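These notes concern the structure reproduced below.
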Amino acid sequence: MAAALCGLVLLTGSSSAAAPPALAHEPVLCLGSENTAFFPGLSLTPRPTQIDGHASYSCSGGAAEPVAAGGHIHGEASAASCVDVHSLPAQPKPSKEIVHYADGAKSVIDYTSAPLVTRVAGALVLTLHGPVVAGRGKDAEATRTITLLPGRLPTACLAAEGLGHFTGPVSLLIAPRS
């Protein structure tokens with residue numbers, strides 16, 4: 001889930017609001033919500049899993065007005081279950097997120113570290129880190145945190161198809177490397 005979840009965001013914003021700063025000195029914080037799908041669905045047995053997520057963001061930084069953005073993240077987990085998501089960094093490849101801003105710009109992020117996964121009151125909280133490799137904020141560092149709330153009762157983990165859809169709040173911080 002870690003690496004797979006890392007690449008979950010690709011919606012396009014439709015606002016004409018000003019773009020966030022170019023990241024010369026100011027971090028950009030994007031807050032929103034995400035829908036995440038797991039293929040195959042999560043069950044009690046850990047197994048390799050594809051992760052695909054779509055996020056809607058509102059991004060702000062510095063003195064700029066907030067701008068709408070959307071993202072798509074795709075990744076793979078080497079062993080995902082209803083209990084935990086494990087993935088080695090960049091194995092078999094890093095999770096990738098593409099963020100599209102309402103002004104037409106985009107940021108491409110490779111989440112190269114294994115995700116930090118915690119369980120809080122029945123929800124999975126994943127935190128991913130990696131560089132912005134292209135577009136707005138190139139060479140900055142991104143940190144993405146998503147709280148995954150199941151779309152069905154946790155008893156779906158016992159069903160053959162497993163638990164395939166989650167929703168939840170997501171944050172993305174893009175900040176210059178120190």
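The values are calculated or read from the model by the stated rules, or taken from the named source; none is laboratory data. What you see is a predicted model; the values in this text were computed from it and never measured. Please note: Cβ atoms are built from the backbone with ideal geometry, for glycine as well, and neighbour counts cover all protein chains shown. The area values use the complete protein model at the heavy-atom level, side chains included, leaving out ligands, DNA and RNA. Shrake-Rupley method; radii C 1.70, N 1.55, O 1.52, S 1.80 Å.
Observations on the structure shown:
- With one equal scatterer per alpha carbon and no solvent term, the Debye-computed log10 I(q)/I(0) for segment 118-173 at 0.13, 0.19, 0.31 1/Å reads -0.46, -0.73, -1.18.
- Three-way shape call for segment 78-178 based on the alpha-carbon gyration tensor, with the a/c threshold at 1.5: prolate
- Taking Cα centre as origin and charging only the Cβ of basic (Lys, Arg, +1) and acidic (Asp, Glu, -1) residues, the dipole magnitude of segment 49-178 rounds to 80 debye.
- The Cβ shell under 12 Å around Ile109 holds other residues with a net charge of +1, Lys and Arg each +1, Asp and Glu each -1.
- Cβ-Cβ FRET estimate between Thr155 and Ala79, R0 fixed at 22 Å, reported to 0.05: 0.55
- From phi via Karplus (6.51, -1.76, 1.60), per-residue ³J(HN,Hα) for segment 148-158 in Hz, x at Gly/Pro: 9, 10, x, x, 9, 4, x, 5, 4, 4, 8
- Amide N proximity, segment 26-48 versus Ser171 label position 7 Å along Cα-to-Cβ, cut-off under 17 Å: 27-34
- Mean accessible surface per residue for segment 90-151, computed with a 1.4 Å probe while every protein chain stays in place, in Å²: 42 Å²
- Rough spin-label spacing in nm, given labels placed 7 Å along Cα→Cβ, for Leu44 and Lys138: 5.1 nm
- Portion, in percent, of the accessible area of segment 56-175 that falls on carbon or sulfur, probe 1.4 Å: 62 percent
- Per-peptide packing, taken as the mean over residues of other Cβ atoms within 10 Å, places 73-83, 157-167, 129-139, 47-57 in the sequence 73-83, 47-57, 129-139, 157-167 from highest down.
- Judged by the mean number of other Cβ atoms found within 10 Å, the most tightly packed of the peptides 95-103, 143-151 leads the ranking 95-103, 143-151.
- Between the amide H of Leu124 and those of Leu148, distances stay under 5 Å, these residues lying 5 or more places away or on another chain, with hydrogens modeled in the peptide plane.
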